[in-house]
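Undergrad: Here's a structure for you.
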Amino acid sequence: MVGKDAALMSKTQPKSGQSRAKKSVEESSDGAAPRKGKNRGATAEEMGSRQRDISVSEFFAKNRHLLGFDNPRKALLTTVKEAVDNSLDACEEGGILPELAVIIEDLQPDRPATSKSSRYRITVVDNGPGIVRKQVENIFGRLLYGSKFHRLKMSRGQQGIGISAAGMYGLITTGKPMQIVTKIRSSDAAHHIELAMNTKTNRAEVTADSETKDFPPAKLRDVTAGSRSLAATDGFLSPKIFPTGTSVSIELEGRYQKGRGSVDEFLELTGIANPHARITYVPPSRESGADDEELLPADSVATAVDAGEVKVEVTSEHHGVIMFPRAVNELPPETREIQPHPKGVELGTLLQMLKEYEAAEKGSLYKFLQDQFCRVSASTAGALCEAAGATSRTRAGDVEPQQAEKLFAAFQEAKLGPPPVDCLAPIGVRQLLAGMLKGVRAEFYAASSREPEIYRGRPFQIEAAIAFGGELPTEESSRVIRFANRVPLLFQQSACSSFKAVAETGWKNYGLTQPRGSTPTGPLVILIHMASVWVPFTSESKEAIADYDEIRKEMKLALMECGRKLGSYLRKRLKMRREGERRDVFERYIGEVSKSLHHIHGADTREVYDALLAQAKKRTRQADQVLNEDGKVVKAEDPSDQEGVLVVADAIPALAQSDRSEVKDSHLEAKKPFQNANVNAKTKRGKVSANESAKIKKSKRDDDSPTLFEAD
Amino acid sequence: MAKKITKQVSTKARDINTHKKIYVLAETVTKAALSGKEPIVSVPTRSRSNTIWNKKRGILEMGNATQDRQLFNLNQAKIFMQTLLHSGSIKDLIEADKTLSLRGMFYKGLHTVAGTKEKTFVDQTESDGILEDLEVSLTALREELHIFAKKAGSIVGNITLIDSGDEIDCRRMGSGGYAIPSIVEPDVIQFKKCEAKFILHVEKNTVWSRFNEDRFWEKHNCILTEGGGQPPRGVRRLLRRMHEELKLPVYCLLDCDPWGHYIYSVIKQGSISLAFESQRLAIPEAKFLGIRAKDYKACGLSDDVQIALNDNDIKRAKEIAAYPWFQGHKPWQKEIEGLLTNGFKMEVESLITKDISYVTEEYVPQRLKAKDWLE
């Protein structure tokens, strides 16, 4: 909070040239001589002369680790992350389906293999509404400038530090200014601006400013062979897809590596949590300081899809260019800004609010309570005034500190409705499934979205999804992917509330193995998303969600919901497999038996075969009823009938290898094609199976009765 | 030649019978299948529980219990298929008038199940079990199914046999002896001339060779047989036929251990798995000449011949003692007790420590003379 307050103060200062400390009571003069006989120590005046205001930019330039720039590898990631977050936020606010291009160029491709880092140029282009010319400096050149900090509304960024900090980091490490090209109307020219931040003044200096027709910048299409060949078919940075938008380029000293916590993982996860966004990613041509000299995965080129398939929007890799497709075609619901909930404010904040209210409107406490808080009705406001020992006429500015304290206590005891939840935009069950489907190659997917809940007076909502089986590794611990307001959290997993929730959930109940106090083992990916107007991070670098009981409880409930669906599926799968095996055994020998009977007795082979086959089918059905129900014959449930569940028949090992179509058909008949979803299978590993979409079936209830908080 | 013709006639009659039984089996299954009933093959149970000790006749007999082989049972589906497959093979053999070994039958039925990578038989053991089942369920003997086992067992002695029309003089068999075939039924083997007064059956080939080299059969006017451990059906059937038709007593010289006792039990009463054949194979009057538990002291053997009983041996010995046919038999109870008290086993070869030919020149002649045996 100190940093923010300082930021506010520095912002209110008129001019940088006069940025002298307010605290320096007087000008230090040469005549103020030190006391004699003292070598050590300084006078208050001397000290005063050195005390001066600190620019926030300066502060962060020295404390870059607080913002996620602690090492070259993380700096690269943070820069991409901030730019992508901004772009997605801008597109959504402008009501545009996000179309992003992320390009990382290695500017020192000839460096020695041993060098740990390199200079990179990161460019993120979006098709958002663009930025009006006069705001460019503010948005990209000042720390703590933004639209998101002061309001209680769900968004990716919160403090307005991100992109400007990245630009500053770039400037510090390479001396190169940020390059911005932005276009707000398709008919107008774009602005091209070069910004260099002055850390002393917290102000950007424009080093170049011109108008250009070149948007998206043509040279970006020419970065790699992959981008060139995609652009040749209008599949990359086409002006048609980017009629407006913004392109930000930052040069910085960084380090590119694949794996956990990499740019690749960040974008992959972003794609999962933002199924409405289409992201094209051009990674740098080589990793820096990597031990092996492998340039790109060998299979990436070999299995590249041709242009025809790119249009089908399968997540794919094309000569090293990775494309995360759009899986749903609607934007997340628009969120409304809300007033704070009385239970969510602290005493200090309350006092500050009273002071500000007095300054601005000079109204009564009664009115203040109704205006400045949500869920405070006229009668509640009256009751609260009374509890504070004031009347409804008492002016807000006249509230004594003791009264404020009483008021604060009354807040805690008052019976108030929960804050409105239209400030939240959960991803939604169907969208989560679509996102997981395109990002994770599994056989079973389940998702659940909890009802909104409150922590410290702030609404939040937890969503969870799981993907199971398929190509996921079976022997390893399950992978937990975490999101806060759709932004992937890549570090400090074990410090995160969500990770604890996963470990505390009893996965054994759902047919999985789970070492004590750990995440379950098996072919499982667990997704947890927290949507809130204010996500309580454990630190400014926004890497882990603080461990509030209310939050962890909701997470566990969401996970249990998914777990139950998985458990039900696994039981069903086991049953299907057992039934399949049994029928398989019978059918396998029926042919031989019929032939032998024909041989000995002269019976008609076909006739006997058909008769026996009919019996086999009848008997396997009966056997299952006896086997699986407690003496009762109950209609078997199909796990895919559950809400929020997806089953990819092709990915089920036992069924996929069976050449008997009957087995497959009878259990997994396709119901409805995945609506609104360019469903498809992925991917990164370079394998693309276009026909998989047809095999995907979708819970019908999902289509018919969307949950309350879903987009549609 | 006249004999040969009769043989063929009798074979034909038996073959027609077997052929019909197989046809009936297939017909039952087909009818069940077409009428939507469960196809079942009924097989008499070949287990200890379904083995009855006929005290009066002194042999083991098979009870009436049967098991159903069901096609629609996960554990039996394959066995069911194999049973019908082998039935078909036997039909082929009968029609072609040829015989196959057990191994040959395994290969005859062996192929990949259509539409899978699975073979009809994993190994010969599976196939052998099915054939034994077929014998009992068709109440046909193995030779009637045109199947034979590999030869195991030798014979020498004062006897002349006819085997498939060829004259076999068992006095002129050199050091190897005449290998006893698997099928020794009268239509294959006839006894032409026999001067021998008794049969000495020894456990294994090594001991048999000792006796043959010493011309024991010549000196004592007997027949000398050997069954390679537990004697196969051919050997047992031949012993039984010679015992029955030529009225020759059978004396067994076996090791002093539970295994030797069991071999004696099989020769005398029949085995559990072939209980249905006991009446053709068992020799209730067979006698156990040795080695006896008391011989360690009686013959003055050295410590070196002792082979300590292991836990398994002790368990087995107690099991044998509990067999109904040994249970009420005091000398046998005493014998097994003696073995357990000794705490060690002795092989027939242990007598060689006394002298190379001690067993042929002293041990057996003395015991026979003293009529010192168990029965």
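The values are calculated or read from the model by the stated rules, or taken from the named source; none is laboratory data. Quantities reported herein were computed from a predicted structural model and do not represent experimental measurements. With ideal geometry, Cβ positions are generated from the backbone for all residues, glycine too; neighbour counts draw on all protein chains shown. The protein model used for the area step is the full one, side chains on, heavy atoms only, and it has no ligands, DNA or RNA in it. Shrake-Rupley method; radii C 1.70, N 1.55, O 1.52, S 1.80 Å.
Undergrad: When both residues are 6+ apart or on different chains and their Cβ atoms are under 8 Å apart, which pairs have a first residue that lies in the stretch B:113-127 and is over 10 Å from B:K78 (Cβ atoms), and a second that is assigned to a strand (DSSP E or B) and open to solvent by 60 Å² or more (accessible area, probe 1.4 Å)?
TA: B:K119/B:T112
Undergrad: Within the stretch A:530-569, track down each residue that is surrounded by fewer than 22 Cβ atoms within 10 Å (Cβ to Cβ), closer than 28 Å to A:L77 by Cα, touching a Ser or Thr at 6+ places or on another chain (Cβ under 9 Å) and aliphatic (A, V, I, L, M).
TA: Within the stretch A:530-569, just A:A546 meets the criteria.
Undergrad: In the stretch B:334-375, which residues are under 29 Å from the mean Cα position of the chain (by Cα), of a type in the set (V, I, T) and open to solvent by 20 Å² or more (accessible area, probe 1.4 Å)?
TA: If the condition is that a residue be under 29 Å from the mean Cα position of the chain (by Cα), of a type in the set (V, I, T) and open to solvent by 20 Å² or more (accessible area, probe 1.4 Å), then B:I352 is the only one that fits.
Undergrad: Inside the stretch A:593-606, can you point out the residues that are polar (S, T, N, Q) and more than 7 Å from every other protein chain (Cβ to nearest Cβ)?
TA: The answer is A:S594, A:T605.
Undergrad: Turning to a different aspect of this structure: Residues in the stretch B:46-96 that are more than 26 Å from B:T30 (Cα to Cα) and among the charged types (D, E, K, R): how many?
TA: Qualifying residue count, the stretch B:46-96: 5.
Undergrad: Another one. Looking at the stretch B:274-297, can you tell me whether even one residue there is touching a residue at least 12 places away in the same chain (Cβ under 8 Å), within 20 Å of the chain's Cα centre (by Cα) and over 21 Å from B:I199 (Cβ atoms)?
TA: Among the residues of the stretch B:274-297, at least one is touching a residue at least 12 places away in the same chain (Cβ under 8 Å), within 20 Å of the chain's Cα centre (by Cα) and over 21 Å from B:I199 (Cβ atoms), which makes the answer yes.
Undergrad: Hey, among B:K56, B:K98, B:K78, which residue is charged (D, E, K, R) and modelled with pLDDT under 85?
TA: B:K56
Undergrad: With respect to A:S498, determine if the residue is open to solvent by less than 10 Å² (accessible area, probe 1.4 Å), outside any strand (DSSP E or B) and on the phi < 0 side of the Ramachandran plot.
TA: Yes; evaluated as a whole, the condition is true for this residue.
Undergrad: Follow-up question, since we're still on this one. Within the stretch B:68-91, does at least one residue satisfy the condition of being without any contact (Cβ under 8 Å) to a residue 60 or more places away in the chain and in contact with a Pro (Cβ under 6 Å, 6 or more places away or on another chain)?
TA: The answer is yes, given that some residue of the stretch B:68-91 is without any contact (Cβ under 8 Å) to a residue 60 or more places away in the chain and in contact with a Pro (Cβ under 6 Å, 6 or more places away or on another chain).
Undergrad: Given (1) in a loop (DSSP other than H, G, I, E, B); (2) more than 14 Å from chain A (Cβ to nearest Cβ); (3) of a type in the set (A, V, I, L, M, F, W, C), where does B:F72 come up short, assuming only one miss?
TA: (2)
Undergrad: Sticking with this structure for a sec: Of (1) open to solvent by 70 Å² or more (accessible area, probe 1.4 Å); (2) more than 24 Å from the chain's Cα centre (by Cα); (3) at pLDDT 85 or above, B:S42 satisfies all except one. Which?
TA: (1)
Undergrad: Now for a different question. Could you please give the count of residues in the stretch A:391-418 that are in contact (Cβ under 8 Å) with a residue 40 or more places away in the chain, open to solvent by less than 50 Å² (accessible area, probe 1.4 Å) and out of contact with any Leu (no Cβ under 8 Å at 6 or more places or on another chain)?
TA: 2
Undergrad: Does the stretch A:551-558 include one or more residues that are in contact with a Cys (Cβ under 6 Å, 6 or more places away or on another chain), assigned by TED's automatic domain parsing to the domain that holds A:I427 and of a type in the set (V, I, T)?
TA: No, that holds for no residue.
Matching residues to (1) at pLDDT below 85; (2) more than 14 Å from every other protein chain (Cβ to nearest Cβ); (3) over 48 Å from the mean Cα position of the chain (by Cα):
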{"residue": "A:E554", "(1), (2), (3)": "no, yes, no"}
{"residue": "A:M560", "(1), (2), (3)": "no, yes, no"}
{"residue": "A:R564", "(1), (2), (3)": "no, yes, no"}
{"residue": "A:R573", "(1), (2), (3)": "yes, yes, no"}
{"residue": "A:M576", "(1), (2), (3)": "yes, yes, no"}
{"residue": "A:G580", "(1), (2), (3)": "yes, no, no"}
{"residue": "A:R583", "(1), (2), (3)": "yes, no, no"}
{"residue": "A:R588", "(1), (2), (3)": "yes, no, yes"}
{"residue": "A:G591", "(1), (2), (3)": "no, no, yes"}
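Undergrad: Further question on the same structure: I need a count of the residues in the stretch B:32-51 that are part of a strand (DSSP E or B) and either facing another protein chain (nearest Cβ under 9 Å) or in contact (Cβ under 8 Å) with a residue 40 or more places away in the chain (or both).
TA: Total satisfying the criteria: 5.
Undergrad: Suppose we keep only residues that are assigned to a loop (DSSP other than H, G, I, E, B) and either in contact with a His (Cβ under 8 Å, 6 or more places away or on another chain) or free of Cβ contacts under 8 Å to residues at least 60 places away in the same chain (or both) within the stretch A:218-234. Which one would you say is surrounded by the most Cβ atoms within 10 Å (Cβ to Cβ)?
TA: Once the filter is applied, the top-ranked residue is A:T224.
Undergrad: Determine, yes or no, whether B:Q306 is more than 15 Å from B:E226 (Cα to Cα), buried (at least 23 other Cβ atoms within 10 Å of the Cβ), among the polar types (S, T, N, Q) and touching a strand residue (DSSP E or B) at 6+ places or on another chain (Cβ under 7 Å).
TA: no
Undergrad: Within the stretch A:441-456, which residues are open to solvent by 10 Å² or more (accessible area, probe 1.4 Å) and either assigned to a strand (DSSP E or B) or over 17 Å from A:L559 (Cα atoms) (or both)?
TA: Residues satisfying the conditions are A:R441, A:S449, A:E453, A:I454, A:R456.
Undergrad: Where residues in the stretch A:607-620 are more than 8 Å from every other protein chain (Cβ to nearest Cβ) and out of contact with any helix residue (DSSP H, G or I) (no Cβ under 8 Å at 6 or more places or on another chain), which of them is nearest to B:T112 (Cα to Cα)?
TA: The selected residue is A:D610.
Undergrad: Any residue at all in the stretch A:239-251 that's crowded, with 23+ Cβ neighbours inside 10 Å and over 27 Å from the mean Cα position of the chain (by Cα)?
TA: No, the stretch A:239-251 contains no residue that is crowded, with 23+ Cβ neighbours inside 10 Å and over 27 Å from the mean Cα position of the chain (by Cα).
Undergrad: List the helices (runs of 4 or more DSSP H) inside the stretch B:185-289, counting only whole elements, that have at least 2 residues being surrounded by fewer than 24 Cβ atoms within 10 Å (Cβ to Cβ), basic (K, R) and modelled with pLDDT of 90 or more.
TA: Where helices (runs of 4 or more DSSP H) fall fully within the stretch B:185-289 and carry at least 2 residues being surrounded by fewer than 24 Cβ atoms within 10 Å (Cβ to Cβ), basic (K, R) and modelled with pLDDT of 90 or more, they are B:233-245.
Undergrad: State yes or no: is B:E27 touching a residue at least 12 places away in the same chain (Cβ under 8 Å) and either within 14 Å of chain A (Cβ to nearest Cβ) or of a type in the set (D, E) (or both)?
TA: Here the answer is no, as B:E27 does not meet what is asked.
Undergrad: With (1) free of Cβ contacts under 8 Å to residues at least 60 places away in the same chain; (2) touching a Gly at 6+ places or on another chain (Cβ under 6 Å) as the list, and B:L60 as the residue in question, which single condition is left unmet?
TA: (1)
Undergrad: Same structure again: Within the stretch B:91-108, is there a residue that is within 11 Å of chain A (Cβ to nearest Cβ), small (G, A, S) and within 25 Å of the chain's Cα centre (by Cα)?
TA: Taking every residue of the stretch B:91-108 in turn, none turns out to be within 11 Å of chain A (Cβ to nearest Cβ), small (G, A, S) and within 25 Å of the chain's Cα centre (by Cα).
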